[in-house]
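Written out below as structure tokens is the structure these notes cover.
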Amino acid sequence: MLQAIARTARETARLTGRGRFAENVMTAIRSVQRSRFVPDGLVVEAYENIALPIGYEQTISQPYIVALMTDLLRPEKDHICLEVGTGSGYQAAVLSLLTSKVYTIEIIAPLFRQASSQLHKMHYDNVYPLLGNGYLGYPEAAPYDRIIVTAAAEKIPPALIEQLKKGGRMMIPIGPENGAQVLYQVDKDAAGEVTTQPVLDVRFVPLIEGETLAL
Ligand code: SAH
């Protein structure tokens, strides 16, 4: 899987500007057991460089995309992060090895429960799973050094811009469901000015903007 990620990084370097991902990011990906975050029936495919279904029409992202987004986030050891879209918990686990705290919000209750219990069992103790609507962020622990959104929004949720620290960065896919989506890097400078930069065409499940679903 690591080799496939490195190969895809080289192939997309012209678009992303990153032909090689940071060593600390690759080390984190190497040390998180992806097989523990996929459904039992898909364990044999856990180390393929592909997205996999995790139920409720949701997916665990392709490992290359996890690596790219994590790399572009430039995580640092003292960072407080917010992830919107916990899904399986895999991305949160990777990020937790590179930063100080990861708050991660999931809107589908059974996925939240499954990911929480998995992260707890595996002792990712600096991950704080939350059930709720990540479109609104999590103001209680804001502002964040880094924000990662792993579902595609129609536009950048204003609450997330607000909850991003000055000097902070957010990675977020933007675009319609089943349409042309683009991964954006969003930077807020020391003066609070926000700039956005497109990185790569991507395909994510949609960010739900409604109320918490009680399934
Ligand atoms: N990062 C995940 C992949 C998540 S797929 C992983 O590593 O496995 C996207 C997830 O976002 C889905 O689980 C979906 O239920 C969740 N989601 C969609 N809209 C959301 C919202 N408004 N708030 C929180 N989670 C949301």
Item to complete: Take the stretch 1-154, drop everything but the C-alpha atoms, weight them equally and run the Debye formula without solvent; then report log10 I(q)/I(0) at 0.12 Å⁻¹ to two decimals.
Response: -0.46
Worksheet item: Any idea what Rg and Dmax come out to for the stretch 9-67 if you just take the C-alpha atoms, in Å?
Response: 12.9, 37
Worksheet, complete the sentence: For the stretch 71-161, listing trypsin sites (Lys or Arg not before Pro) in a DSSP loop whose Cβ sees at most 10 other Cβ atoms within 10 Å gives 77, 155
Worksheet item: For the chain, what is the relative contact order in percent, using Cα pairs closer than 8 Å and at least 6 residues apart in sequence?
Response: 16
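If contacts are Cα pairs under 8 angstrom and at least 6 residues apart, what is the relative contact order of the stretch 109-163 in percent?
Working: 24 pairs, mean separation 19.5, N = 55.
Relative contact order comes out at 35 percent.
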Worksheet item: For the pair residue 42 and residue 24, how long in nm is the line joining their label points, each one 7 Å along Cα→Cβ?
Response: 3.0
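To check you understand DSSP bridge types, tell me what percent of the beta bridges within the chain (both residues inside) are antiparallel, rounded to 5. Can you show the working numbers first?
Details: 17 of 38 bridges.
Taking every DSSP beta bridge within the chain, about 45 percent pair in antiparallel fashion.
Which length gain, in nm to one decimal place, applies between residue 209 and residue 15 when the Cα-Cα distance is subtracted from 0.36 nm times their residue separation?
Working: separation 194, 0.36 × 194 = 69.84 nm, distance 2.97 nm.
Taking 0.36 nm per residue and subtracting the Cα distance, the gain is 66.9 nm.
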Worksheet entry | Calculated FRET efficiency for the pair residue 117/residue 162, C-beta based, R₀ 30 Å, to 0.05 | 0.45
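Charges only on Cβ, +1 for Lys and Arg, -1 for Asp and Glu: so what's the dipole of the chain about the Cα centre, in debye to the nearest 20? Each step should come with its number before you reach the end.
Working: 20 positive and 23 negative charges, 133 e Å.
My answer is approximately 640 debye.
Compute the Rg to Rh ratio over the stretch 65-202 from the alpha carbon atoms, using the Kirkwood formula for Rh, and round to two decimal places. Write out the running numbers ahead of the final one.
Numbers: Rg = 13.9 Å, Rh = 14.8 Å.
Answer for the stretch 65-202: 0.94.
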Worksheet item: Round to a whole number: what % of the accessible area of the stretch 83-127 belongs to carbon and sulfur, probe 1.4 Å?
Response: 53
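What length, rounded to one decimal in nm, is gained on full extension from residue 177 through to residue 125, with 0.36 nm per residue of separation minus their alpha-carbon distance? The partial results should precede the final answer.
Working: separation 52, 0.36 × 52 = 18.72 nm, distance 3.35 nm.
So the extension gain works out to 15.4 nm.
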Discussion item. Ordering 169, 10 by accessible area with a probe of 1.4 Å, largest first, what comes out?
Written reply: 10, 169
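The values are calculated or read from the model by the stated rules, or taken from the named source; none is laboratory data. Remember, it's a predicted structure, so these values are computed and weren't measured experimentally. Note that each Cβ is placed from the backbone with ideal geometry, even for glycine, and that neighbours are counted across all protein chains shown. The area values use the complete protein model at the heavy-atom level, side chains included, leaving out ligands, DNA and RNA. Shrake-Rupley method; radii C 1.70, N 1.55, O 1.52, S 1.80 Å.
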